[in-house]
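Enquirer: Have a look at the structure that comes next, please.
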Amino acid sequence: MCIFCKIIDGEIPSNKILEDDNFLAFHDINPAAPVHVLVIPKEHVVSFNDVSSEIMGNMSKFIQEVANKMGLNENGYRLITNIGDDGGQEVKHLHFHILGGGKLIWNHYEQNDPHKSI
Ligand code: AMP
């Protein structure tokens, strides 16, 4: 069972923000911004590449509710999902990162130094 499925089952503790029958939002253990929330479907889906339009549609609504609950709507936030190895996906269970709570840096790709890109 993957680490996020264990969080859904309560086998691994998490700092929950919002939950319904299909989705869970909790604080990232290693935040990259003042607010860093992870949103996951309770059904095990590997990545955005595999998600159905039905789950994605409902998940979009849930993500908007989480952002609203965290007070991010007025000033904005960033929504990221990493896909596969090149995307930097460490946990192979679909998750969206909600980042906010301050002005976020956006690095642009530099051809000769890929490590300087996000
Ligand atoms: P990614 O690199 O997109 O797969 O993101 C995985 C995220 O999961 C990282 O930001 C981790 O800090 C986060 N993470 C891993 N384990 C936990 C955990 N037990 N509770 C909360 N966040 C976690």
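The values are calculated or read from the model by the stated rules, or taken from the named source; none is laboratory data. For clarity, every value in this text was computed on a predicted model and none was experimentally measured. Because the Cβ atoms are built from the backbone with ideal geometry, glycine has one as well, and the counts that use them run over all protein chains shown.
Enquirer: Before we move on, is PHE62 of a type in the set (Phe, Trp, Tyr) and within 12 Å of the ligand (Cβ to nearest atom)?
Expert: Criteria not met by PHE62.
Enquirer: A further question on this structure: What number of residues within the stretch 1-45 are touching a helix residue (DSSP H, G or I) at 6+ places or on another chain (Cβ under 9 Å), farther than 19 Å from ASN68 by Cβ and within 12 Å of the ligand (Cβ to nearest atom)?
Expert: Selection size over the stretch 1-45: 4.
Enquirer: Within the group LEU94, LEU79, which residue is modelled with pLDDT of 95 or more and in contact with an Asp or Glu (Cβ under 9 Å, 6 or more places away or on another chain)?
Expert: LEU94
Enquirer: For the stretch 1-60, which strands (runs of 3 or more DSSP E) that fit wholly inside it have 1 or more residues that are over 16 Å from THR81 (Cα atoms) and more than 13 Å from the chain's Cα centre (by Cα)?
Expert: Hits in the stretch 1-60: 16-19.
Enquirer: In the stretch 39-55, which residue that is in contact (Cβ under 8 Å) with a residue 24 or more places away in the chain and out of contact with any strand residue (DSSP E or B) (no Cβ under 7 Å at 6 or more places or on another chain) is surrounded by the most Cβ atoms within 10 Å (Cβ to Cβ)?
Expert: So the residue we want is VAL45.
Enquirer: When the residues of the stretch 62-100 are narrowed to those that are in a strand (DSSP E or B) and out of contact with any helix residue (DSSP H, G or I) (no Cβ under 8 Å at 6 or more places or on another chain), which ends up nearest to MET1 (Cα to Cα)?
Expert: Restricting to residues being in a strand (DSSP E or B) and out of contact with any helix residue (DSSP H, G or I) (no Cβ under 8 Å at 6 or more places or on another chain), the top hit is HIS97.
Enquirer: If you scan the stretch 7-21, which residues turn out to be within 18 Å of LYS92 (Cα to Cα) and surrounded by 14 or more Cβ atoms within 10 Å (Cβ to Cβ)?
Expert: Of everything in the stretch 7-21, those that are within 18 Å of LYS92 (Cα to Cα) and surrounded by 14 or more Cβ atoms within 10 Å (Cβ to Cβ) turn out to be ILE7, ILE8, SER14.
Enquirer: Pairs, please: C-beta under 6 Å, at least 6 apart or cross-chain, first residue within 7 Å of the ligand (Cβ to nearest atom) and in the stretch 81-97, second small (Gly, Ala, Ser)?
Expert: Partner pairs satisfying both residue conditions: ASN82/GLY88.
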